[in-house]
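Any read-out appearing in this document is the output of simple, stated calculations on the displayed coordinates, not a laboratory observation. Here the structure is a predicted model, which means the values were calculated and not measured. Counting neighbours? That spans all protein chains shown, and the Cβs are built from the backbone with ideal geometry, glycine included.
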Amino acid sequence: MMHAESLGMSGITSPASEARVTDGDGPPLSTRVMDAEGVVLVECTGRVTVFNSQAAAHFGIPVPLHIEHARLPGCEWVRDDGTLLPPGDSPLARALAGEPVDASLWHVLRPDGTRAVLRCNAMPVRAADGQVAAALLRTHAVEAVPASMLDASRLLAEAGALLGTSVDAEAQLEPLLQLLVPTLGEGALLVLRAPGSMGDEVLRVAASLHVDSGRHALLRDLLTRYPLDASVPGGLPAVFASGAVGRLPLLSEEHVAAIARDAEHARLLREVGPHGCLSVPLGARGNVLGALMVLRSNVLRSFGPEEEHFLTELAHRTALYLENARLYREAREAVRQRDEFLGIASHELKTPLTPLSLKVQLLQKQVVVLAREGKDVPTDRVADALDVVQRQVRRLSGLVDNLLDVSRITAGRLRLELEELDLASVAAEILYRFSAAAAQAGTELGLEAPVPVVGRWDRLRLEQVVTNLVSNALKYGAGHPVIVSVEARGSLARLTVKDHGIGIAPDDLSRIFERFERAVSDRHYGGLGLGLYITRQIVEAFGGTVSAVSTPGEGATFLLELPRGDIPEEWLVAHAAPGPTQSE
């Protein structure tokens, strides 16, 4: 029977020592031995002769009495990238095969799922006949600190200088990732979030980088063909849901199976990985704009608190940069819209002033000439001139009123004087006002309002809404009929304005109710681009909605729905539009 003393194992504890090693293909690590030596002695039969308490702590298992095929119970020896070593390549197996193993770093996956970095050496123990009788394994737990983190201040300074060189936010994001790859990991992503068209959240990869050119192409292909989806459970770190720091220790086969959308997606995930991931939120002014994610293929080299602190600070600075760039773009766009609006407003205000000025000058000359000749001024000539003046003054007044309404809406000073009104009567009155202009343009006006539809609204503002919708239909109706219908739907009043003109393109439907927006050129149709914006603001102040549907070339239909407000219950019944009759 072998004894520990005969193998020179007395005094097996050793003081902490320093070593400089490399961890796979990654950057140099400053390693420090953390505790006493673990000692394992295993006979060729598999019987465990020595397994001290330090070895049990290193491998995370109780002392075994017997092992099979040089494999410690529940433990796996793994490579730097987390993949399993072949059974015969472990230091214990090699020593049992008669090969001495010099001291070097080895990685162990323990039964509880944690990973340990151990400095191990192993040697065969031979019997008197020279045959290998046992193997002796010595282990030390090692703390590995990436030397690159010693330059955190320099990296932050370089990032600040990089972000401060341009107002084009997108152009600086990939150079920013180059500061992190390969210093902190083999890959990095910068993901931004934005609301989608249907109210859901959309995630966009603004920049991506991988130190390996092949995997870089695979990563780009993966992100292009399978965009990130915030709704997929387990597919993204917690940073997108809660704004917290997220960690993914390893993109395991189980994780791939859970998040892969199809077989091709799973293949790309496996070829890009395996990776561990640290993601930190891009937070600025109380908002989470996205996330900065660093990928590390050596999952046994876990992200430490210093690295997390550095990435959090870098992400915060990046978020402030992105937010400031957004505010700058919005300010620049606002200035552009202001300049464009001033140009249009100047043109629109001059349009009625020109004929007004000419008509007044002509009338003045005629009056002077007739006065010199002692003749009376013809009444019909004066009436004609005053009619032109009145039309242009009304147009000018309408333009000024629109500008004042926009100012009131922006300042929140749009006031409503509510009273009981019949929407059908208001629509009839507005159509009567437009009858002369419609006849001149050859447009037929029609009203479908079988019963009164009463509600509590502001008369002036309600007339303004209907006027804007009918005016819009006449302007773009191309001389075709314009039909206005009014009906009651319980507690809602509905007004529909339908024309058969040029229509509206689908891409323009979502913006025609915005300020200064139009779906056609102002050169052909004029206007300030404020009518529908003011309409929407007034309707929303009533608590209602206004929308449009259209097919280009076939006209447009504007639908206005207003709550009828606090009116007697009998008005909802006695004055409701008749419902459809049942067929026999």
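The modelled label-to-label distance for the pair R415/S435, using points 7 Å beyond Cα in the direction of Cβ, is 3.5 nm. Projected label points at A133 and A57, each 7 Å from Cα along the beta carbon direction, are separated by 3.1 nanometres.
Give me E170, E323 sorted ascending by neighbouring Cβ count inside 10 Å, so fewest comes first. All intermediate terms of the calculation are to be shown ahead of the outcome.
On the way: E170 13, E323 17.
In increasing order of surrounding Cβ atoms, one gets E170, E323.
On full extension, the segment bounded by T114 and A161 gains 13.0 nm, given 0.36 nm per residue less the C-alpha separation. Normalised by 2.2 N^0.38 Å, where N counts its residues, the alpha-carbon radius of gyration of segment 418-574 equals 1.02. Full extension of the chain between T312 and R220 yields a length gain of 30.7 nm, computed as 0.36 nm times the residue separation minus the alpha carbon distance.
Evaluating 6.51 cos²θ - 1.76 cosθ + 1.60 at θ = phi - 60° for every residue in segment 89-100, the Karplus couplings come out as 9, 5, x, 5, 5, 5, 5, 5, 7, x, 9, x Hz, glycine and proline recorded as x. Couplings 3J(HN,Hα) of segment 430-435, computed from phi: 5, 5, 4, 5, 8, 4 Hz, in residue order, whole Hz [Karplus 6.51 cos²θ - 1.76 cosθ + 1.60, θ = phi - 60°; x for Gly and Pro]. By the count of neighbouring beta-carbon atoms within 10 Å, fewest first, H107, H66, H216 end up ordered H66, H216, H107.
When peptides 443-454, 476-487 are sorted by average Cβ neighbour count within 10 Å, with the highest value leading, the order is 476-487, 443-454. Calculated FRET efficiency, E264 to D212, Cβ-Cβ distance, R0 = 30 Å: about 0.90 to the nearest 0.05.
How would I67, I430 line up from fewest to most surrounding beta-carbon atoms within 10 angstrom?
I67, I430
Ordering 537-546, 97-106 by mean Cβ neighbour count within 10 Å, with the highest value first, yields 537-546, 97-106.
Full extension of the chain segment joining V393 with R247 gains 45.7 nm, where the gain is 0.36 nm per residue of separation less the Cα-Cα distance.
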